[in-house]
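Peer 1: Next up is a structure, given as structure tokens.
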Amino acid sequence: MTDSVLAQAFVYLCAAVVFVPIAKRLGLGAVLGYLIAGVVIGPWVLGLVGDSHHSVMHFSEFGVVMMLFVVGLELRPALLWELRRSIFGLGTAQVVGCAAAVAGAAIALGVDWQPAIAVGLTFAMSSTAIVLSTLSERGLLKSSGGQGSFSVLLFQDISVIPILAVFPLLGVAVASETEGGRPAWQSALLLIGAVVGVVVIGRYLVRPLFQFLAGAKLRESFTAAALLIVVGIALLMQTAGLSPALGTFLAGVLLADSEYRHELETDIEPFKGLLLGLFFITVGAQLDFGLIGSMPLTIAGMVLGTMVLKLAVIRLLGKIFGLDRPARWLLAFALAQIGEFAFVLLQFGVGNHVFSDAFAKPLIAVVAISMVLTPPLFIVLERWVLPIVSERGAKREQDVIKHADAPVVIAGYGRFGQIVGRILRASGFPLTILDLDPGVIEMLSNLGVKAYYGDASRIDLLHAAGCEHAKLFILAVDDPDEATKIAEHVRHNFPHLPIIARCRNRPHYWQLRKLGIEHVFRETFAASWESGICALRVLGYRAFTAQRLGQRWRQHEESIIEEFRRYEEEDDDATYWEKARAAMGEAERLMRQEHPTRLEEDGWDNESLRADQNVDAAAAEQQTS
């Protein structure tokens with residue numbers, strides 16, 4: 001395969017286009033799709049990239065830098081101050097605890113203490129790129145476990161500085177000088193100057209720059225400026241010996257309150273996504289299957305031992321720091337792998353004679369395999385671990401639920417269930433709330449509202465929630481299949497219990513009505529209907545006329561939906577679409593019969609509207625005759 005830039009770009013893009021959608025369809029996630037793509041095009045399967053993936057790796061690592069810049073834009077300094085305990089408390093404990101556990105295990109296996117400490121510090125790192133991408137993709141970043149994971153990852157980026165300083169002390173390099181040959185005091189001043197430079201750029205230079213570019217009204221100027229900021233800060237931090245990712249994250253935080261935050265985020269996002277995908281592909285391509293095949297048990301033992309050690313230590317720390325059971329399991333599974341910065345640390349260790357190149361090669365395979373195993377770990381967590389953990393918690397809370405004797409049970413407390421629940425609570429009705437999102441449970445706990453983590457499709461949990469004695473069951477789960485399953489269980493086991501159900505669309509509406517549920521509401525119907533009335537008012541109709549038109553349309557819509565249910569059940573597509581076209585025409589005829597009057601002062605010309613109404617009236621008279 002040729003090493004030309006276009007040929008290599010074509011291979012990487014083909015791999016991403018083919019494997020990522022397949023992985024998403026199979027429920028494996030985009031990150032695992034990229035990793036699989038890298039393995040397939042790598043030197044040990046199809047051999048389409050040869051050794052070029054090593055140079056691509058250095059380029060793609062900039063995706064991590066951009067990702068942390070975008071993450072920083074989402075965080076206000078006040079929020080970082082709120083997370084200070086988890087960043088410097090939990091983060092410090094994780095790095096020290098995991099490094100000590102891995103180093104102790106290495107010493108027990110006969111490794112000298114200097115390389116054992118270096119390996120411990122290296123393996124204590126976790127993958128910022130994979131973890132944050134996976135948490136965001138699965139909607140877990142805002143949960144307590146997700147915030148804890150983010151805090152630990154941020155501290156790991158900070159801890160890179162002292163780790164790089166410790167490595168030369170463990171080898172034979174001169175401790176008084178840095179890798180670049182500068183005296184230590186000069187390096188310290190350079191570090192301080194770099195941080196001050198980032199603060200100055202973020203606070204005082206970005207706003208005037210974007211104000212100047214705004215006058216040019218060129219989109220590409222904003223994009224170039226956004227890239228200039230990220231690349232410039234990364235270069236500044238790299239020159240000073242700091243982590244470029246840490247520097248761009250700090251710049252993002254400083255710009256979080258800027259009026260140009262959304263503009264920066266929009267411009268950087270496409271580059272970040274492409275480079276992160278490229279990074280994951282190159283990680284997959286780095287797997288040396290020849291080395292793995294020559295010592296499979298050794299490498300498998302190191303991977304399994306490291307991940308189990310880290311998982312146990314992190315779960316224990318989560319308990320010590322007061323995280324609830326689901327959150328600490330999420331934290332442990334998310335951070336059990338070894339991070340991408342381990343590749344840099346292992347090369348740095350070889351360069352400083354902490355260990356040999358032969359010693360480092362198996363460790364590189366261990367790092368890559370642990371990263372590849374992270375997406376499957378999340379699948380295990382979501383499908384098996386969290387349900388078991390939540391079931392144990394539910395069993396402990398069943399007596400509490402039974403004695404609550406609340407007249408209303410709400411399954412699902414997202415954007416739909418919250419509105420219904422707030423109305424009922426404000427009216428004095430006690431609620432029993434069930435939800436599968438740990439973040440929702442934590443949010444309600446902070447508000448002083450008791451909620452329970454559990455799957456409402458489980459019969460035992462419905463009994464525990466007091467459905468036998470409840471007066472109303474509100475089904476507000478957003479997943480249509482899951483909602484239908486819950487509705488079937490409630491109708492079968494508690495036939496006396498009235499149900500108010502949320503549905504996604506017309507087919508879901510008909511499914512729930514078929515189960516005998518009388519009160520079914522499409523989740524966006526009311527808001528969309530009100531928006532349509534508002535649109536009529538903006539376009540010139542009087543408020544009363546717009547409301548009357550909207551009400552007439554709604555009556556027509558509700559009158560035909562039951563009729564269309566019959567065609568859907570009979571699977572008669574031809575009749576269905578014929579009736580649908582007829583219903584559209586009937587709606588237009590009914591609306592135009594109103595002869596609406598627009599506001600006089602808006603200057604609108606009503607001649608075309610009157611002409612349309614005259615045509616409709618003539619057609620109606622002809623049909624009557």
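The values are calculated or read from the model by the stated rules, or taken from the named source; none is laboratory data. Computed from a prediction, not measured in an experiment: that's the story for all the values here. All Cβ positions, even for glycine, are placed from backbone atoms using ideal geometry, and neighbour counts span all protein chains on display. Surface areas here come from the heavy atoms of the whole protein model, side chains and all, with no ligands, DNA or RNA. Shrake-Rupley method; radii C 1.70, N 1.55, O 1.52, S 1.80 Å.
Peer 1: At Gln547 and Glu468, where each label point lies 7 Å from the Cα along Cα→Cβ, what is the point-to-point distance in nanometres?
Peer 2: 4.8
Peer 1: Order His508, His519 by their accessible area, 1.4 angstrom probe, all chains in place, largest first.
Peer 2: Details: His508 10, His519 90 Å².
Per-residue accessible area, sorted high to low, gives His519, His508.
Peer 1: Would you pull out the residues with amide H under 5 Å of Leu472's amide H, same chain only if 5 or more places away, H placed 1.01 Å from N?
Peer 2: Placed amide hydrogens put Val409 under 5 Å from Leu472.
Peer 1: Please work out the FRET efficiency for the pair Val199 and Lys485, using the Cβ-Cβ distance as r and a Förster radius of 30 Å; give the result to the nearest 0.05.
Peer 2: Details: r = 53 Å, r/R0 = 1.77.
Efficiency, rounded to the nearest 0.05: 0.05.
Peer 1: Then there is this: From the backbone phi of the stretch 580-589, what are the Karplus-calculated ³J(HN,Hα) couplings (6.51 cos²θ - 1.76 cosθ + 1.60, θ = phi - 60°) in whole Hz, Gly and Pro given as x?
Peer 2: Once θ is set to phi - 60°, the couplings for the stretch 580-589 become 5, 5, 5, 5, 4, x, 5, 4, 5, 5 Hz.
Peer 1: Can I ask one more? Hey, what do the phi angles of the stretch 513-518 turn into as Karplus ³J(HN,Hα) couplings, whole Hz, using 6.51/-1.76/1.60 and θ = phi - 60°, x for Gly and Pro?
Peer 2: Ordered by residue, 3J(HN,Hα) equals 5, 5, 7, x, 7, 7 Hz.
Peer 1: Quantify, in whole percent, the carbon and sulfur part of the accessible surface of the stretch 421-506 (1.4 Å probe; protein heavy atoms only).
Peer 2: Numbers: 2140 of 4050 Å².
C and S atoms contribute 53 percent here.
Peer 1: Along Cα→Cβ, 7 Å out, is where each label goes; now give me the distance between the ones at Leu13 and Leu209 in nm to one decimal.
Peer 2: For the pair Leu13/Leu209, the computed spacing is 2.9 nm.
Peer 1: Okay, next question. Using the beta-carbon distance between Asn493 and Glu137 and R0 = 45 Å, what value does 1/(1 + (r/R0)^6) give for FRET efficiency, to the nearest 0.05? Can you show the working numbers first?
Peer 2: Values: r = 35 Å, r/R0 = 0.78.
Working from the Cβ atoms, E equals 0.80.
Peer 1: Express the accessible area of the stretch 426-489 per residue in Å², computed with a 1.4 Å probe while the remaining protein chains stay in the model. Don't jump to the answer; show the numbers that get you there.
Peer 2: On the way: 2790 Å² over 64 residues.
The answer is 44 Å² per residue.
Peer 1: If you don't mind, another one. How large is ³J(HN,Hα), in whole Hz, for each residue of the stretch 32-43 in order, when computed from phi with the Karplus curve 6.51 cos²θ - 1.76 cosθ + 1.60 and θ = phi - 60°, using x for Gly and Pro?
Peer 2: 5, x, 5, 5, 4, 4, x, 4, 5, 8, x, x
Peer 1: For a label point 7 Å from the Cα of His353 along Cα→C-beta, name the residues of the stretch 88-131 whose backbone N is under 20 Å from it.
Peer 2: Residues 112-119 fall inside that zone.
Peer 1: Then there's this: Given a Förster distance of 41 Å, report the FRET efficiency between Leu46 and His519 from their Cβ-Cβ distance, rounded to the nearest 0.05. Can you show the working numbers first?
Peer 2: Working: r = 56 Å, r/R0 = 1.38.
Working from the Cβ atoms, E equals 0.15.
Peer 1: May I ask you to give the solvent-accessible area per residue for the stretch 189-295, in square angstrom, as obtained with a 1.4 angstrom probe?
Peer 2: Per residue, the stretch 189-295 has an accessible area of 46 Å².
Peer 1: Okay, moving on. For the stretch 473-556, taking Cα atoms only, what is the radius of gyration to one decimal and the Dmax to the nearest whole Å?
Peer 2: Every Cα atom of the stretch 473-556 included, Rg and Dmax give 16.3, 52 Å.
Peer 1: Given the convex hull of the Cα atoms of the stretch 296-399, what is a quarter of its surface area in nm²? Intermediate results must be reported in sequence, preceding the final value.
Peer 2: Working: hull surface 31.8 nm².
Computed as one quarter of the Cα hull surface, the answer is 7.9 nm².
Peer 1: Also: Pairs Lys142/Lys272; Lys272/Lys319; Lys310/Lys361: which are spaced more than 23 Å apart, C-alpha to C-alpha? Could you put the intermediate results ahead of the total?
Peer 2: Values: Lys142/Lys272 20 Å; Lys272/Lys319 34 Å; Lys310/Lys361 21 Å.
In this structure, Lys272/Lys319 exceed 23 Å between Cα atoms.
Peer 1: Can you tell me how much longer the chain between Lys24 and Phe59 gets when fully stretched, taken as 0.36 nm per residue apart minus their C-alpha distance, in nm with one decimal?
Peer 2: Numbers: separation 35, 0.36 × 35 = 12.60 nm, distance 2.55 nm.
Gain on extension, Lys24 to Phe59, equals 10.0 nm.
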